[in-house]
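Engineer: Have a look at the structure that comes next, please.
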Amino acid sequence: MTYPTAHTPIFVLYVDDEEFLHEPTKLFLEKFQDIILDTVKSGPEALELLEKKRYDAIVADYSMAGMDGIELLKRIRSSGNRIPFIIFTGRGREEVVIDALNSGADFYLQKGRDVKAQYTELHAKICQAVRQRRIEEELRLSEERLRLSLMATNQGLWDVDIKTGNISANEEYYHLFGYEPGEVDVSYDWWLSTVHPDDRTLMKQAYHDYLSGKTETYSIEYRFRTKQGSWKWILSRGKIISYDGTGKPVRMIGTHIDISDQKNLIEQLQTSEKRFRLVLETLPIGLWLADEKGQLLFGNPAGQKIWAAHPQVGQDEYGIFKGWKLPDHEEIKPDEWALGYAVNEGKTTSEELLEIEAFDGSHKIIKNWAVPIRDSHDTIVGAFVINQDVTEERLATEALKKSEERFHLTMTAVNEGLWDWNIAKGKVYFSPQYYRMIGYEPNEFTAQYSSWEENIHPDDRKDTIHALNDAIAHKENGFHIRFRFRCKDGSYIWILGRGQVIERDLEENPIRIVGTHTDITKQVAAEQKLIEKHEELLKSYEQLAQSEEELRQSEKERAMALEQVQKNFAEMSILNDGIRNPLTVIAAQVEIYCPKIADIVTIQIKEIDDLITQLDRRWIQSEKVINYIRKHHGIEYQ
């Protein structure tokens, strides 16, 4: 059965006073995806709607209150409307069927118990009726065009006396060239003078060759000058109808047909074909043309480049092609190529992802399309195949995927969480590590700005939000700030928050901000220990200074001071090692686990180390003083 094309929806009006049938009828018929159904519950409503909207078919119940389906059909037919009309009713009496068909119904369909079957049959009847009506309309239009075409050609009839050269012609002959009948003396010489100079020699040769018997027919195309001075293309055909007693031709009749439009059309077609070929040759995608048997006829340069060949083979030779369907990498058998399905089954294949082995041995990733070509009778007459080389795109996608995987692994390894805030759309993204850092599973709570703000320690919230807003308002390159952030168990960790505005609108308003969270809890703890050690060192330094001062007061006091200094020196020596050793460990840990803040920590460690060095120097000087006192004042100490 022939149905309307898939690209031409069928608009159907369904008339039934039982409204509970409207919805299932609409659902079943529109499920076929080629019907758009409107519903009304009475004949008058249907007539009113037909005046406002065009439909391709009407389906109506037979028995309806006020106006039944037959009356509605008669009203529509009486207006000259030949729209396909189907009676769809629960009644099956013979007289009802006869009445419906006699009144002009296309089909009479009785409702049954098998709902799916009855709607499938109804769909088929609608398609058949609409298709038939469209064919009838196309035929009517074709006949009308033929009639108008015959009138438009204005075939001019001519009758020439070969001996005298006089020509008799009908009215259309004169009108063909812009003259009124009898306005010019039509003769062979006049006729010859109106032929285009470039065509005159060829026309004369064809005429005399026919008269002399060198050719069996007289048919030639040439340009003819009209009264207005313009040129028309003429198809001139003639036949000798009488001879004299010696066998020489004496009379010939023929026709002139204006073929200017055809000539212009041919020229346009030739131009169009040149353009089409130019497009094919310059298209960056491969395009192949096959006949109805699947024989490859033509491939454009891009297609030949993809396959590294120009194969012109039929279906029995498809085995020369090597390909695999992705992502399963299933090998394509000779009878499984999309082109075969297109010409054999009329199947359209879209964006089929394949890996192919070209004829030069190279492997490529392509997207493959195959579309059947149908004539006006819906018969498959060939197929188009389109190939798009997406090898580089595919490799880039895979590289991007691997890069993203490496990025997420890196972010996990360095214990950093990623956030992405699209201000314009109000959407926020938190990476899996962002959640895990504070004890949650990925996406355990909704990613939004408020959830970030609420988790900031109350004492740090104001400064943190101020830093973010300041970066947004002052269009700075970015911001970084340390703050405490609440974990799932209620505890807090120290976070180094960094972010940057990466997209703004035309008015420089921020659209998107991205940033990271880095857990620096251990670093903050290490810094606190450094501060404590630094304070202890300062206290020792003060004690040393005090001891030296007391040493200057008296020998006894100096002796006691020296003893105390000696003790302090011992403590300082231990303290120096106790400070420098942890500093070395801290520097190594930061370099490994927090390389982004390593420079900051290194500077602080350097300052503490310089202070210890100063104390070492002061200790050396103090040793010299103690040795001097012991030597010149005889003070001994343990």
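Engineer: Condition check: open to solvent by 80 Å² or more (accessible area, probe 1.4 Å), basic (Lys, Arg) and without any contact (Cβ under 8 Å) to a residue 12 or more places away in the chain. Does residue 214 satisfy that? If you could, list the steps in order and put the result at the bottom.
Structural biologist: Numbers: open to solvent by 80 Å² or more (accessible area, probe 1.4 Å): yes; basic (Lys, Arg): yes; without any contact (Cβ under 8 Å) to a residue 12 or more places away in the chain: yes.
Answer is yes for this residue.
Engineer: If residue 353 satisfies all but one of (1) open to solvent by less than 50 Å² (accessible area, probe 1.4 Å); (2) within 24 Å of the chain's Cα centre (by Cα); (3) at pLDDT below 90, what's the number of the condition it fails?
Structural biologist: Condition (3) is where residue 353 drops out.
Engineer: Kindly provide the set of residues from the range 53-69 that are aliphatic (A, V, I, L, M) and in contact with a strand residue (DSSP E or B) (Cβ under 8 Å, 6 or more places away or on another chain), ordered by number. Let's see the steps before the verdict.
Structural biologist: So the first thing to find is which residues in the range 53-69 are aliphatic (A, V, I, L, M), and the list is 57-60, 64-65, 67.
Of everything in the range 53-69, those that are aliphatic (A, V, I, L, M) and in contact with a strand residue (DSSP E or B) (Cβ under 8 Å, 6 or more places away or on another chain) turn out to be 57, 58, 59, 60, 64.
Engineer: Does the range 487-520 hold any residues that are outside any strand (DSSP E or B) and closer than 19 Å to residue 468 by Cβ, and which are they?
Structural biologist: Filtering the range 487-520 down to residues outside any strand (DSSP E or B) leaves 487-491, 505-509, 520.
Residues satisfying the conditions are 505, 508, 509, 520.
Engineer: Every residue in the range 455-469 that is surrounded by 12 or more Cβ atoms within 10 Å (Cβ to Cβ), in a helix (DSSP H, G or I) and not aliphatic (A, V, I, L, M), please.
Structural biologist: Narrowing the range 455-469 to residues surrounded by 12 or more Cβ atoms within 10 Å (Cβ to Cβ): 455-457, 460-461, 463-468.
From what is left, the residues that are in a helix (DSSP H, G or I) are 460-461, 463-468.
Those that are surrounded by 12 or more Cβ atoms within 10 Å (Cβ to Cβ), in a helix (DSSP H, G or I) and not aliphatic (A, V, I, L, M): 460, 461, 463, 464, 466.
Engineer: Let me ask something else about it. Identify, by number, the condition in (1) farther than 30 Å from residue 231 by Cβ; (2) over 30 Å from the mean Cα position of the chain (by Cα); (3) polar (S, T, N, Q); (4) exposed (fewer than 12 other Cβ atoms within 10 Å of the Cβ) that residue 268 doesn't meet.
Structural biologist: Exception for residue 268: condition (1).
Engineer: Return the total of residues in the range 303-320 being surrounded by fewer than 19 Cβ atoms within 10 Å (Cβ to Cβ) and either outside any helix (DSSP H, G or I) or within 30 Å of the chain's Cα centre (by Cα) (or both). Before the answer, list the steps.
Structural biologist: In the first step, residues of the range 303-320 are kept if they are surrounded by fewer than 19 Cβ atoms within 10 Å (Cβ to Cβ); the result is 304-305, 308-317, 319-320.
Now restrict to residues that are either outside any helix (DSSP H, G or I) or within 30 Å of the chain's Cα centre (by Cα) (or both): 304-305, 308-314.
Counting residues in the range 303-320 that are surrounded by fewer than 19 Cβ atoms within 10 Å (Cβ to Cβ) and either outside any helix (DSSP H, G or I) or within 30 Å of the chain's Cα centre (by Cα) (or both) gives 9.
Engineer: Here's something else I'd like to know. Every residue in the range 476-515 that is open to solvent by less than 30 Å² (accessible area, probe 1.4 Å), within 42 Å of the chain's Cα centre (by Cα) and under 24 Å from residue 443 (Cβ atoms), please.
Structural biologist: Listed by number, the residues that qualify are 495, 496, 497, 499, 513, 515.
Engineer: Also: Looking only at the range 111-121, count every residue that is without any contact (Cβ under 8 Å) to a residue 40 or more places away in the chain, of a type outside the set (D, E, K, R) and surrounded by fewer than 16 Cβ atoms within 10 Å (Cβ to Cβ) and tell me the total. Write out each step before concluding.
Structural biologist: Pass one, the range 111-121, residues without any contact (Cβ under 8 Å) to a residue 40 or more places away in the chain: 111-114, 117-118, 120-121.
Next, only the ones that are of a type outside the set (D, E, K, R) stay: 112, 117-118, 120.
Add one more test, that the residue is surrounded by fewer than 16 Cβ atoms within 10 Å (Cβ to Cβ), and what stays is 112, 117, 120.
Qualifying residue count for the region: 3.
Engineer: If I ask for residues that are open to solvent by less than 80 Å² (accessible area, probe 1.4 Å) and either out of contact with any strand residue (DSSP E or B) (no Cβ under 7 Å at 6 or more places or on another chain) or more than 21 Å from residue 239 (Cβ to Cβ) (or both), which ones from the range 171-196 would you list?
Structural biologist: Initially, the range 171-196 is screened for residues open to solvent by less than 80 Å² (accessible area, probe 1.4 Å), giving 172-174, 176-179, 181-182, 184, 186-188, 190-196.
Result: 174, 177, 178, 179, 181, 182, 184, 190, 192, 193, 194, 196.
Engineer: Where in the range 236-299 are the strands (runs of 3 or more DSSP E), entirely inside, with at least 1 residues that are of a type in the set (Val, Ile, Thr) and out of contact with any Cys (no Cβ under 9 Å at 6 or more places or on another chain)? Spell out the reasoning first.
Structural biologist: Details: elements: 249-258, 286-291, 296-299.
Per the criteria, 249-258.
Engineer: For residue 367, indicate whether it is closer than 21 Å to residue 297 by Cα and at pLDDT below 95.
Structural biologist: Working: closer than 21 Å to residue 297 by Cα: yes; at pLDDT below 95: yes.
Answer is yes for this residue.
Engineer: For the range 414-437, which residues satisfy the criterion of being under 24 Å from residue 504 (Cβ atoms) and part of a strand (DSSP E or B)?
Structural biologist: Once the filter is applied, which keeps residues that are under 24 Å from residue 504 (Cβ atoms) and part of a strand (DSSP E or B), the range 414-437 yields 418, 419, 420, 421, 422, 427, 428, 429, 430.
Engineer: Which members of the range 377-434 meet the condition of being modelled with pLDDT under 80 and among the basic types (Lys, Arg)?
Structural biologist: Passing the criteria: 401, 402, 406.
Engineer: In addition: Taking the conditions exactly as written (surrounded by 15 or more Cβ atoms within 10 Å (Cβ to Cβ), at pLDDT 65 or above, of a type in the set (Asp, Glu) and more than 60 Å from the chain's Cα centre (by Cα)), does residue 550 satisfy them or not?
Structural biologist: Numbers: surrounded by 15 or more Cβ atoms within 10 Å (Cβ to Cβ): yes; at pLDDT 65 or above: yes; of a type in the set (Asp, Glu): yes; more than 60 Å from the chain's Cα centre (by Cα): yes.
In short, yes.
Engineer: Give the range 36-60 a look and list any residue that's open to solvent by less than 10 Å² (accessible area, probe 1.4 Å) and outside any helix (DSSP H, G or I), or say none.
Structural biologist: The initial filter retains those residues of the range 36-60 that are open to solvent by less than 10 Å² (accessible area, probe 1.4 Å), namely 37, 43, 46, 57-60.
Result: 37, 57, 58, 59, 60.
Okay, residues lined up against (1) in contact (Cβ under 8 Å) with a residue 60 or more places away in the chain; (2) exposed (fewer than 13 other Cβ atoms within 10 Å of the Cβ):
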| position | (1), (2) |
| --- | --- |
| 71 | no, no |
| 76 | no, no |
| 102 | no, yes |
| 107 | no, no |
| 123 | yes, no |
| 127 | yes, no |
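Engineer: Moving on. For the condition among the charged types (D, E, K, R) and modelled with pLDDT under 85, what is the one hit in 504, 498?
Structural biologist: On the way: 498 fails: modelled with pLDDT under 85.
Residue meeting the stated conditions: 504.
Engineer: For the structure I just gave you, tell me whether residue 242 is more than 17 Å from residue 196 (Cα to Cα), at pLDDT 90 or above, of a type in the set (Gly, Ala, Ser) and exposed (fewer than 15 other Cβ atoms within 10 Å of the Cβ).
Structural biologist: Values: more than 17 Å from residue 196 (Cα to Cα): yes; at pLDDT 90 or above: yes; of a type in the set (Gly, Ala, Ser): yes; exposed (fewer than 15 other Cβ atoms within 10 Å of the Cβ): yes.
The answer is yes for residue 242.
Engineer: Something else about it: Mind telling me which of the residues 297, 283, 289 ends up being farther than 20 Å from residue 389 by Cα, within 51 Å of the chain's Cα centre (by Cα), open to solvent by 20 Å² or more (accessible area, probe 1.4 Å) and aliphatic (A, V, I, L, M)?
Structural biologist: Working: 283 fails: farther than 20 Å from residue 389 by Cα; 289 fails: farther than 20 Å from residue 389 by Cα.
Testing whether each residue is farther than 20 Å from residue 389 by Cα, within 51 Å of the chain's Cα centre (by Cα), open to solvent by 20 Å² or more (accessible area, probe 1.4 Å) and aliphatic (A, V, I, L, M) leaves just 297.
Engineer: If I filter the range 78-100 down to residues being open to solvent by 20 Å² or more (accessible area, probe 1.4 Å) and small (Gly, Ala, Ser), which single residue comes out as nearest to residue 137 (Cα to Cα)? So that I can check it myself, show each step before the final result.
Structural biologist: The initial filter retains those residues of the range 78-100 that are open to solvent by 20 Å² or more (accessible area, probe 1.4 Å), namely 78-82, 90-95, 97-99.
Okay, now just the ones that are also small (Gly, Ala, Ser), so 78-80, 90, 92.
Details: 78: 19, 79: 17, 80: 14, 90: 32, 92: 31 Å.
Across the range 78-100, the extreme among qualifying residues is 80.
Engineer: Answer yes or no as to whether residue 449 is among the hydroxyl-bearing types (Ser, Thr, Tyr) and within 13 Å of residue 515 (Cβ to Cβ). Full working, then the answer.
Structural biologist: Details: among the hydroxyl-bearing types (Ser, Thr, Tyr): yes; within 13 Å of residue 515 (Cβ to Cβ): yes.
Spelling it out, residue 449 is indeed among the hydroxyl-bearing types (Ser, Thr, Tyr) and within 13 Å of residue 515 (Cβ to Cβ).
Engineer: I've got another one for you. Working only within the range 262-306, note down all residues that are more than 30 Å from residue 334 (Cβ to Cβ) and charged (D, E, K, R).
Structural biologist: Of everything in the range 262-306, those that are more than 30 Å from residue 334 (Cβ to Cβ) and charged (D, E, K, R) turn out to be 263, 267, 273, 274, 275, 277.
The values are calculated or read from the model by the stated rules, or taken from the named source; none is laboratory data. What you are looking at is a predicted structure, and each value in this text was computed from that prediction instead of being measured. Ideal geometry is used to build each Cβ from the backbone, glycine not excepted, and the neighbour counts take in all protein chains shown. The accessibility values were calculated without ligands, DNA or RNA, using every heavy atom of the protein model including side chains. Shrake-Rupley method; radii C 1.70, N 1.55, O 1.52, S 1.80 Å.
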